[in-house]
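Structure, as structure tokens:
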Amino acid sequence: VQVQASGGGLVQAGASLRLSCAASGGAFSNYRMAWFRQAPGKEREFVAHIVWPDSTTYADSVKGRFTISGDKAKNTVYLQMNSLKPEDTAVYYCAARRPFSSDYHFWGQGTEVTVSS
């Protein structure tokens, strides 16, 4: 499967943004789909994942503000980000993992999110 992230941009604190992760070469519902992010000078960190149809997990830092979801018809996973904070500024990556694999082997290019204060 290939994944492609999009939807990043520059927003003010408190705004919302929706990222998209378009999958091709396979149905995203057959994988664990996740969002990660990497802020400048920091290591990449987990943000959220979804196991279709409705099993989701979030990092504590985004719980209650971010929502991961999927659209099977569009073969796309979304990350709805509300109440954005400057500390959410990062490059966001979409990744896919086979159900019984321990690693995310499929990564897309990142999409940059900048939140100004």
> Does segment 5-18 contain any residue that is buried (at least 19 other Cβ atoms within 10 Å of the Cβ), in contact (Cβ under 8 Å) with a residue 12 or more places away in the chain and either assigned to a strand (DSSP E or B) or touching a Cys at 6+ places or on another chain (Cβ under 7 Å) (or both)?
Replying inline: yes
> Quick one: would you say residue 41 is in a loop (DSSP other than H, G, I, E, B), small (Gly, Ala, Ser) and open to solvent by less than 30 Å² (accessible area, probe 1.4 Å)?
Replying inline: no
>> What pairs come out if I take residues in segment 36-52 that are under 13 Å from residue 87 (Cα atoms) and modelled with pLDDT of 95 or more and pair them with residues that are among the charged types (D, E, K, R) and part of a loop (DSSP other than H, G, I, E, B) whose C-beta lies under 8 Å away, six or more apart or interchain?
In response: 37/44; 38/44
> Restricting to segment 59-68, what's the tally of residues that are outside any loop (DSSP other than H, G, I, E, B) and open to solvent by 50 Å² or more (accessible area, probe 1.4 Å)?
Replying inline: 1
> Of all residues in segment 84-115, which are of a type in the set (Ser, Thr, Tyr), open to solvent by less than 40 Å² (accessible area, probe 1.4 Å) and outside any loop (DSSP other than H, G, I, E, B)?
Replying inline: 92, 111
> Can you tell me how many residues in segment 71-83 are within 16 Å of residue 31 (Cα to Cα) and either in contact with a helix residue (DSSP H, G or I) (Cβ under 6 Å, 6 or more places away or on another chain) or surrounded by fewer than 18 Cβ atoms within 10 Å (Cβ to Cβ) (or both)?
Replying inline: 6
>> Looking at segment 92-109, I want the residues that are closer than 18 Å to residue 78 by Cα and have a partner that is exposed (fewer than 11 other Cβ atoms within 10 Å of the Cβ) and not small (Gly, Ala, Ser) with Cβ atoms under 7 Å, at least 6 apart or on another chain. Which pairs are those?
In response: 97/103
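The values are calculated or read from the model by the stated rules, or taken from the named source; none is laboratory data. Bear in mind the structure is a predicted one, so any value in this text is a computation, not a measurement. Virtual Cβ from ideal backbone geometry, glycine too; neighbours counted across all protein chains shown. Please note that ligands, DNA and RNA were not included when accessible areas were found on the heavy atoms of the full protein model with its side chains. Shrake-Rupley method; radii C 1.70, N 1.55, O 1.52, S 1.80 Å.
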